[in-house]
1. Can you pull out every residue in the range 268-311 that is touching a Gly at 6+ places or on another chain (Cβ under 9 Å), free of Cβ contacts under 8 Å to residues at least 60 places away in the same chain and on the phi < 0 side of the Ramachandran plot?
2. Would you confirm, using the coordinates I've provided, whether Leu196 is crowded, with 17+ Cβ neighbours inside 10 Å, not in a helix (DSSP H, G or I) and not charged (D, E, K, R)?
3. Which of the residues spanning the range 248-271 are aliphatic (A, V, I, L, M) and modelled with pLDDT of 90 or more?
4. Run down Lys172, Lys133 and say which single residue is crowded, with 18+ Cβ neighbours inside 10 Å, modelled with pLDDT of 90 or more and of a type in the set (Lys, Arg).
5. Any residue at all in the range 203-218 that's open to solvent by less than 70 Å² (accessible area, probe 1.4 Å), among the aliphatic types (A, V, I, L, M) and more than 28 Å from Glu188 (Cβ to Cβ)?
6. Give Leu168, Leu173, Leu178, Leu206 a once-over and let me know the one that is assigned by the TED database to the domain that holds Leu283 and not β-branched (Val, Ile, Thr).
7. What pairs can you find where one residue is in the range 17-41 and at pLDDT 85 or above, the other is acidic (Asp, Glu) and open to solvent by 10 Å² or more (accessible area, probe 1.4 Å), and their Cβ atoms are less than 6 Å apart, with a gap of 6+ or different chains?
8. Are any of the residues in the range 295-315 under 27 Å from Pro134 (Cβ atoms), open to solvent by 60 Å² or more (accessible area, probe 1.4 Å) and of a type in the set (Val, Ile, Thr)?
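The values are calculated or read from the model by the stated rules, or taken from the named source; none is laboratory data. Here the structure is a predicted model, which is why all the values come from computation and not from measurement. As a convention, Cβ positions derive from the backbone with ideal geometry for all residues, glycine included, and neighbour counts pool all protein chains shown. The protein model used for the area step is the full one, side chains on, heavy atoms only, and it has no ligands, DNA or RNA in it. Shrake-Rupley method; radii C 1.70, N 1.55, O 1.52, S 1.80 Å.
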Amino acid sequence: MEIFVNEQKLESVIENEKNLGEVFDAVRRWVENNGKFLLSCVVDGEEFAQSTMRDSSIAKASKMEFFVGEELDILISSLHELDSYVDKVGTTLLGRDSLTEKESKELTDGIEWIESLLQSAGKLLKLKYDQIKPMGTGNTVSDILAALHQNSSKLEGTTAIEEFLEYLRDLKLFVMDLVARASVLDLELPTLREILDTFIKAVPALKESFVKVNESYQAGKDEVATHLLTQSVSQINVLLTSFITLRQKLPGMDFSKIIVSEKTFEEKTNDLNDTLASVALALEEKDIIRAGDIIEYEIPAVLDELLPFLEKVKEQADSLAVES
């Protein structure tokens with residue numbers, strides 16, 4: 001069997017692999033170790049389907065083609081496609097009590113595609129899915145993917161489908177945030193400086209949005225509250241990701257020198273991350289009162305304390321940008 005990556009034939013890739021699934025895994029690891037991004041795989045002109053092809057013998061195929069992206073915009077485009085696919089699955093399942101055999105197979109393949117895509121994205125963005133908890137039920141991304149994978153082939157009855165949709169909603173929240181984070185990594189310096197400036201000016205409005213989140217939780221509007229919370233936290237994650245990109249664009253950036261009231265910039269951003277994590281934990285434990293208190297009072301307080309650090313980051317970025 002011949003193996004191609006972006007129409008270039010690979011030599012000596014297959015070692016002990018005996019089936020197409022093992023070849024797929026080996027090439028994917030090779031792609032990720034080279035800092036690239038696996039887009040798709042085609043076997044003898046047909047899209048690789050894990051549910052039917054994974055255990056197929058290498059002897060049954062003559063050509064396996066892998067298509068790989070090297071630019072961040074490829075990742076962003078794929079994440080947008082993933083976001084649309086999650087919406088499509090949710091719409092298809094809503095109100096159903098069973099799936100046809102064809103639909104079940106397509107969903108199983110789709111979930112495996114999601115896992116493969118997020119695995120590559122995680123490698124590129126250096127994300128630890130066993131530590132990230134979307135602001136939903138409190139499950140980690142790893143937990144969510146495992147549940148979707150386990151249940152995708154046995155959706156019989158409204159209870160099973162409703163449970164699957166709960167995990168799918170959590171995945172949707174994470175994908176929305178991931179798209180925002182990835183998009184920041186591809187921005188140019190002027191836009192990054194503008195994001196920083198805009199965030200500083202928008203802190204009062206952001207604090208007010210967290211108050212509205214708590215009000216929605218107290219009113220029993222959990223879905224509205226979760227959506228608002230995800231939007232607000234995404235704004236913070238975009239800001240935090242912009243610091244990484246700023247350091248890449250301006251090698252002279254030195255966050256360790258930014259100190260306010262004897263506290264370092266890193267300590268203050270850690271405070272913010274810890275506060276957000278405490279919200280996820282409270283929601284996981286279904287302690288809406290504690291989560292609401294953290295959201296309405298503690299997060300705004302941490303944002304206020306972060307402002308002088310952001311001003312100093314902006315001053316340093318503006319100064320270095322002029323020099324460059």
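1. Hit for the range 268-311 is Ala282, nothing else.
2. Numbers: crowded, with 17+ Cβ neighbours inside 10 Å: yes; not in a helix (DSSP H, G or I): no; not charged (D, E, K, R): yes.
In short, no.
3. First, the residues of the range 248-271 that are aliphatic (A, V, I, L, M): 250, 253, 258-260.
Answer for the range 248-271, where residues must be aliphatic (A, V, I, L, M) and modelled with pLDDT of 90 or more: Ile258, Ile259, Val260.
4. Values: Lys133 fails: modelled with pLDDT of 90 or more.
Answer to the selection: Lys172.
5. Looking through the range 203-218, at least one residue is open to solvent by less than 70 Å² (accessible area, probe 1.4 Å), among the aliphatic types (A, V, I, L, M) and more than 28 Å from Glu188 (Cβ to Cβ).
6. Values: Leu168 fails: assigned by the TED database to the domain that holds Leu283; Leu173 fails: assigned by the TED database to the domain that holds Leu283; Leu178 fails: assigned by the TED database to the domain that holds Leu283.
So the residue among Leu168, Leu173, Leu178, Leu206 that is assigned by the TED database to the domain that holds Leu283 and not β-branched (Val, Ile, Thr) is Leu206.
7. Asn19/Asp55; Val23/Glu17; Ala26/Glu17
8. Within the range 295-315 (the criterion being under 27 Å from Pro134 (Cβ atoms), open to solvent by 60 Å² or more (accessible area, probe 1.4 Å) and of a type in the set (Val, Ile, Thr)), the answer is no, since none of the residues qualifies.
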